[in-house]
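The values are calculated or read from the model by the stated rules, or taken from the named source; none is laboratory data. The shown structure was predicted, so the numbers you read here are calculated from the model rather than taken from an experiment. Methodologically, a virtual Cβ is constructed for each residue, glycine included, from the backbone with ideal geometry; neighbour enumeration extends over all protein chains shown.
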């Protein structure tokens, strides 16, 4: 039986392996699977078939798999022991044999099927390459012009694919217009319905501030200064805790820069969002006090078991410590990852007096009962 030859196909598969990294064996297996379907569809075949392609020559072999029985009742899927022994003397009842067949015009069908499979696998491989490329960019900043800005969704042109910025990842105070070039941080990479990568980007995520600072401040990029934590109220205010193990480096001063020029570049990118740079300290009381800047703090009572801190401030510093709509206290709590309760000096004294009065009352009751 003459097999269907396609040496050019093998050469094409080898080129694809070299150029795009798609394994030849993987493509051949995919083509063989597709050819079985194509054969059954085009020839309305009922037999159980197997198709193999020679890895060197591309020769396509079609086999009908037949069960060996005493008296075949189904000539399509069964074969007698006598006929089977002509092909293989070791054949026995219950075994299967592969009978090669050469269907008419199958060469043309095979070529078309192979082409379709190759095109499909190339697309899949390219999508996987792009997915891997952008998956490795999670937490990194990307930039590009805005393609669309409608219905609460902003679409960025990233070159090989689009960056999608949902409403929750946008800065509420910003306006997004088509053709504006913007920066954003990659927060996630997903596979769409057809396997196409979808890159989710953000300008509201704390990592956006983190990466902007890393870009603007060489000491952070070089690892001389570490960003310990970031908390944000996007578009309004951010707090950043920094630390340097080198006592000769002032982490806050290095981040702010002379006359604030370094931090100003980040503020400009965020269209005026205020940034408080705070020195991180392993002493949580000191760190919490710093996190509530610009307010002055009198005392911090830290409960380590519950990660709860009671903070006392001068009367005239209470509104500053809490901040407008509680912003300063909320950002400090996120930055330190502690619950923070702020009381003024007067409020704290009143609490102490009430506690003392309650204790005195309890003592009086006990004495009266005695």
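Overview of results
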read-out: Filtered residues of the range 165-191 (kept if without any contact (Cβ under 8 Å) to a residue 12 or more places away in the chain and surrounded by 11 or more Cβ atoms within 10 Å (Cβ to Cβ)); value: 190
read-out: Checklist (1) outside any helix (DSSP H, G or I); (2) touching a strand residue (DSSP E or B) at 6+ places or on another chain (Cβ under 9 Å); (3) at pLDDT below 80 applied to residue 52, failing item; value: (3)
read-out: Residues located in the range 331-356, provided they are at pLDDT 95 or above and part of a helix (DSSP H, G or I); value: 331, 332, 333, 334, 335, 336
read-out: Which listed residue is surrounded by 14 or more Cβ atoms within 10 Å (Cβ to Cβ), part of a strand (DSSP E or B) and touching a helix residue (DSSP H, G or I) at 6+ places or on another chain (Cβ under 8 Å), from 154, 97; value: 97
read-out: Residue among 125, 110 that alone is assigned to a helix (DSSP H, G or I), at pLDDT below 80 and touching a strand residue (DSSP E or B) at 6+ places or on another chain (Cβ under 7 Å); value: 110
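Here is a yes/no grid of residues against (1) farther than 30 Å from residue 206 by Cβ; (2) crowded, with 16+ Cβ neighbours inside 10 Å; (3) modelled with pLDDT under 95:
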{"position": "301", "(1), (2), (3)": "no, no, yes"}
{"position": "317", "(1), (2), (3)": "no, yes, yes"}
{"position": "361", "(1), (2), (3)": "yes, no, yes"}
{"position": "368", "(1), (2), (3)": "yes, no, yes"}
